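One structure is given here, and the rest of the page talks about it.
We did not get these values from a lab; they are worked out from the coordinates using the rules stated. Because the structure is a prediction, the values reported are computed rather than measured. Every residue, glycine among them, receives a Cβ derived from its backbone with ideal geometry; neighbour counts consider all protein chains shown.
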Amino acid sequence: MLKRFFLLSGMGISLILVWFAVSNYRASRAIAEENLLGLAHSLAAVIEGIAVRDPSLRSLAEFHTTDIAFFALIDGAGRYRFHTNADLVGTSTDVDRFIAVLRNKTATASRVTLGTGEKAYEFCSPLYVPGETLALCLTLHTYRSDAVVRRAEFNTAVIFALLVAGWVLLAILYRFSLREEHHKMEMERRERLAQLGEMGAMLAHEIRNPLAGIKGYAQIIGKKPLDPRNAGFAQSIVKETLRLESLVSDLLAYAGNDSSLMVPIELHDLVDGAVSFIRHEAEAQHVTVMCECSEGVQVSGNRDKLGQVLLNLMKNAVQSMPDGGTLRLHGEKSGKSVTITVSDSGHGIAAEDMNRIFEPFFTTKARGTGLGLALCKKIVEEHKGKIHIESTPGKGTTVTLVLPGVKGQGKGGSQS
Amino acid sequence: MRKERFSLVITLAVVLNCLFIGTSFAGFGFGGDDLGKSGLDFNKGYDVNTVTTVSGRVASSPRTGENGHVFVDVRTAGETISLNLGPKRFWEKQEIPLRPNDVIAAKGSKAQGQDGKTYLLVQKLANRTTGANAVVRNERGGAGWSGGNMGGMMSNGPGGGMMRGGGGGMMRR
């Protein structure tokens, strides 16, 4: 909410500044035109005064100012009675607007481009001398008057540059704040994991050892029961202790910070090993396992941990297909990485659960620990890889693992 | 993904910045046309209305400037004017030395550039110190280096009615 407020405020201030710059620029052009018009009127008055005093117009040749590009007086027949270029005096003009000035008795002013390429300001007006009316054509240089426009252009450029620089800085600051927030969350997560690690170690000591004793006694009771009914109870105790042992092992694995040595592993062997563990359970549930892996592709990592990831994913897949289905494994080299996909045709994951599936202890199964996928994610990230899940409820789930490949290895060709 | 997006935003911002600055500066001397900093057309430009004669001392040796043209600064009574003497190859063929403090007289079309300087697109020039003369353009401004202009255009005499589009000017060339 606060971010949106600041963003909107920034945009509002930016828009005001843009409006100010544009309006300032537009006003400057009007000011320049006014300046030029005022100057033209003043000069026209002076020229008229000289022309009235000296009807021969020769005195006009002495009249010079730095603002005048040239000026001329034209009579009703269209001949130049005076021109700052003396060579043109007496010649005719074919410019209609000069004649029109005499006909309409009105002054005109406009920007023109001279033959030299210079942008100039042309002012034409009737000029009354004793006995006749002439057309005055006065062309002025614009550089001095346009100083205000140039200044406005510079200011506009500075405002735009500052605005852009401001927004870029803001974007950088926002980026840094996001990174800081991310780091903070990562630190909190690590802290939680550390606490979990301590708890796991305590569980290992306080639960695992008694659990081993309970399991051992239950196994003894199961072998020589005093009452035949106790054999079944003893088996149930052993089964539950095994499940609890598995839970404690998962918890220790999740909380632990094992930086084991990364070695090149044949992708084909890794997948085959994981499939052999699950094949029996899959066949029991009428699940067909299909495996397509490129030969000769190697992945860098810890064999046991990556095998555990694949096994967890395949177990989830098989459990999502209680009425049978197809489990596909596909592995190939893609660039410097190795991509492994595990797809099933099971019931899929509900959209509302997708955001939480990697959270520890989140489970949708009645007897699940909620550590399977969390552990997978942790192991994959420890391998500097990525895990991504896509699921369509009722149609199935695809888990994609991207793991670092082995350097200097060509693209795998054959498949099995 | 986020890193790529950030780079994209930064690139976009820099490009927009350059565009804005380019647009804002375009009006005063750094425009996108090929007329150069002065905004004057030294190759074909000339306006008979602004023809005048100036005389003064050479302020500095001739130098090559905009569009490969040769310019020499001349101090007159009231101001310093940059005389445009045509393209370098053309001027070198004229073999007229101009040295600082030479007294010269030049006739040509006067113009003020967008850089605020005053230029004279020289038609003819006389070095009064050495007595050398040069014709750079014909009476109507036809450039001596563009072949055929010298004779052909001069025969029309001054004051011909060539107009430039967009409401520009009076009589040209």
For region B:44-56, 3J(HN,Hα) per residue [Karplus equation, 6.51 cos²θ - 1.76 cosθ + 1.60, θ = phi - 60°, Hz, x = Gly/Pro]
10, x, 5, 9, 5, 5, 9, 5, 8, 10, 10, 9, x
Could you work out the helix-only [θ] at 222 nm for the protein assembly as shown, with each DSSP H run of four or more residues adding -39,500 (n - 2.57) and the total divided by the number of residues, to the nearest 500 deg cm²/dmol?
-14500 deg cm²/dmol
Can you give me the long-range amide H partners of B:V51? Hydrogens built in the peptide plane at 1.01 Å from N, cutoff under 5 Å, separation of 5 or more residues or another chain.
B:K110
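For region A:71-114, what class follows from the C-alpha gyration tensor (a ≥ b ≥ c being the square roots of its eigenvalues): rounded when a/c is under 1.5, otherwise prolate if a/b is larger than b/c, else oblate? Display every interim value, and only then the final one.
Numbers: a/c = 2.07, a/b = 1.26, b/c = 1.65.
Oblate.
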Assigning unit charges at the beta carbon (Lys, Arg +1; Asp, Glu -1) and nothing else, what dipole magnitude in debye, to the nearest 20, does the protein assembly as shown show about its Cα centre?
620 debye
Can you run phi through the Karplus equation (6.51, -1.76, 1.60; θ = phi - 60°) for region A:23-34 and list ³J(HN,Hα) in whole Hz, with x for Gly and Pro?
5, 4, 5, 5, 5, 5, 5, 5, 5, 4, 5, 4
Ellipsoid equivalent to the protein assembly as shown - semi-axes via the Cα gyration tensor, in Å
95, 27, 21
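For region A:1-129, what is the charge dipole size about the Cα centre, in debye to the nearest 20, if Lys and Arg each add +1 at the Cβ and Asp and Glu each add -1 at the Cβ?
Numbers: 13 positive and 12 negative charges, 142 e Å.
Roughly 680 debye, rounded to the nearest 20.
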Dipole-positive endmost among A:S145, B:T52, A:I340 within the protein assembly as shown (Cβ charges, Cα centre)
B:T52
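Relative contact order for chain A: what is it in percent, counting Cα pairs under 8 Å that are at least 6 residues apart?
Working: 593 pairs, mean separation 44.1, N = 416.
Answer for chain A is 11 percent.
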J(HN,Hα) series, region A:160-174, from Karplus relation 6.51 cos²θ - 1.76 cosθ + 1.60, nearest Hz, glycine and proline x
4, 5, 5, 4, 5, 4, x, 5, 5, 4, 4, 4, 5, 4, 4
Could you let me know the centre-to-centre spacing of region A:193-228 and region A:274-340, using Cα atoms, in angstrom?
31 Å
Expected sort for A:339-345, B:55-61 on mean C-beta neighbours within 10 Å, highest first, is A:339-345, B:55-61
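Per-residue Cβ counts within 10 Å, from other chains only, averaged over A:155-167: what number is that? If you can, show how the numbers build up before the last one.
Numbers: counts 1, 6, 7, 2, 2, 7, 5, 0, 3, 9, 2, 0, 4.
Averaged over the peptide's residues, the number is 4.
Among A:375-384, B:105-114, how do they line up by average Cβ neighbours within 10 Å per residue, starting with the highest?
My ranking of the peptides, most packed first, is B:105-114, A:375-384.
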Using only C-alpha positions, report the orientation-averaged shadow area of the convex hull of region A:2-145, nm², one decimal.
11.4 nm²
Reported to two decimal places, what Rg/Rh ratio describes region B:48-156 when computed on Cα atoms with Rh from the Kirkwood expression?
0.94
Shielding by partners, peptide B:48-58 (average Cβ within 10 angstrom, other chains)
4
In terms of the alpha carbon gyration tensor, root eigenvalues a ≥ b ≥ c, rounded if a/c is under 1.5 and otherwise prolate when a/b exceeds b/c or oblate, region A:186-330 is oblate
Among A:L211, A:F123, A:G49 - extreme Cα towards positive end, dipole of chain A, charges at beta-carbon
A:L211
Could you tell me the relative contact order of region A:2-145? Use alpha-carbon pairs under 8 Å, at least six residues apart, and round to a whole percent.
23 percent
One checks the Cα atoms of region A:334-394 and finds Rg and Dmax, in Å, of 12.9, 41
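Would you tell me the mean number of C-beta atoms belonging to other protein chains that fall within 10 Å of each C-beta in A:116-128, as a whole number?
Values: counts 24, 20, 16, 6, 7, 0, 4, 0, 1, 0, 0, 0, 0.
Across the residues of A:116-128, the mean count of other-chain Cβ atoms within 10 Å is 6.
Students often get this wrong, so check it: of A:K223/A:K305; A:K3/A:K377; A:K239/A:K378, which have C-alpha atoms separated by over 30 Å?
Values: A:K223/A:K305 35 Å; A:K3/A:K377 32 Å; A:K239/A:K378 28 Å.
Beyond 30 Å between Cα atoms: A:K223/A:K305; A:K3/A:K377.
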Ranking A:L270, A:T398, A:M354 by how far each Cα lies towards the positive end of the charge dipole of region A:263-404 (+1 on Lys and Arg Cβ, -1 on Asp and Glu Cβ), the top one is A:M354
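Length gain on complete extension for the stretch A:L162 to A:A100, per 0.36 nm per residue less the alpha carbon to alpha carbon distance?
Working: separation 62, 0.36 × 62 = 22.32 nm, distance 4.93 nm.
Here the segment from A:L162 to A:A100 would lengthen by 17.4 nm.
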